[in-house]
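J.: Dropping a structure here in structure tokens format, bear with me for questions.
The values are calculated or read from the model by the stated rules, or taken from the named source; none is laboratory data. All values reported here derive from a predicted model rather than from experimental measurement. Glycine also receives a Cβ, built like all others from the backbone with ideal geometry; neighbour counts cover every protein chain displayed. Side chains included, ligands, DNA and RNA excluded: accessible areas come from the protein's heavy atoms. Shrake-Rupley method; radii C 1.70, N 1.55, O 1.52, S 1.80 Å.
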Amino acid sequence: QVQFVESGGGLVQPGGSLRLSCAATQIINNVRIVAWYCQVSGKQRELVASITSGGFTDYSDSAKGRFTISSDNAKTTWSLQMNNLKSEDTAVYYCNLVPPAETFWGQGTQVTVSS
């Protein structure tokens with residue numbers, strides 16, 4: 001069963017940076033759009049950034065100018081460079097398709113921004 005595996009989270013001070021990475025446990029055919037989502041406990045997952053197979057990117061208003069989504073040339077790993085982190089970025093971050101495939105959700109990676 002295909003799942004995404006996320007890594008790279010951690011505890012960082014406000015203004016700091018983190019780079020998240022994810023990969024699928026198996027090759028996913030015909031991937032068109034992959035996105036990073038975040039979820040705060042008790043709230044719905046929100047889309048943070050997305051990238052198409054052609055390299056077009058899109059960001060939530062809160063992520064614009066601070067986060068950069070990218071993929072490797074083989075389209076097997078996806079990264080999220082997070083700069084100038086704020087306390088409100090604290091969440092569990094996941095990657096998945098757009099729209100998300102329910103069975104592909106991984107465990108996510110926790111990002112905590114705190115001094």
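J.: Leaving out ligands, DNA and RNA but keeping every protein chain, what accessible area does Thr52 have, in Å² rounded to the nearest 10, with a 1.4 Å probe?
T.: Its heavy atoms expose roughly 40 Å² to the probe.
J.: Now for a separate question. Spin-label point model (7 Å from Cα, Cβ direction): what's the Gln81 to Ala101 distance in nm?
T.: That separation, rounded to one decimal, is 2.9 nm.
J.: Between Thr57 and Ser21, with labels modelled 7 Å along Cα→Cβ, what's the label distance in nm to one decimal, could you check?
T.: Each label point is offset 7 Å from its Cα along the Cβ direction, giving 1.7 nm.
J.: Could you grab the relative contact order for the chain? Cα pairs under 8 Å, six or more apart, rounded to a whole percent.
T.: 38
J.: Once R0 is set to 22 Å, what does the formula 1/(1 + (r/R0)^6) return for the Cβ-Cβ distance between Ser114 and Ser7, expressed as a FRET efficiency to the nearest 0.05?
T.: About 0.65, to the nearest 0.05.
J.: Quick check: net charge around Ser71, other residues with Cβ under 15 Å of its Cβ, Lys/Arg +1 and Asp/Glu -1?
T.: 0
J.: Once phi is turned into ³J(HN,Hα) by the Karplus curve 6.51 cos²θ - 1.76 cosθ + 1.60 with θ = phi - 60°, what whole-Hz value does each residue of the stretch 34-51 show in order, with x for glycine and proline?
T.: 10, 9, 9, 10, 10, 9, 8, 3, x, 10, 6, 5, 10, 6, 9, 7, 9, 9
J.: Another one. Give, in whole angstrom and from largest to smallest, the semi-axes √(5λ) of the equivalent ellipsoid of the stretch 17-115, with λ running over the eigenvalues of the Cα gyration tensor.
T.: Working from the Cα gyration tensor, I get semi-axes of 21, 15, 12 Å.
J.: For each cysteine in the chain, check whether another cysteine's C-beta sits under 4.7 Å from its C-beta; list those where none does.
T.: So, Cys38.
J.: Show the residues, 5+ positions off or on another chain, whose built amide H is closer than 5 Å to the amide H of Phe67.
T.: Asn83
J.: Let me know the shape class of the stretch 1-64, please: from the alpha-carbon gyration tensor, a ≥ b ≥ c as square roots of the eigenvalues, rounded when a/c is under 1.5, otherwise prolate if a/b is greater than b/c, or oblate.
T.: prolate
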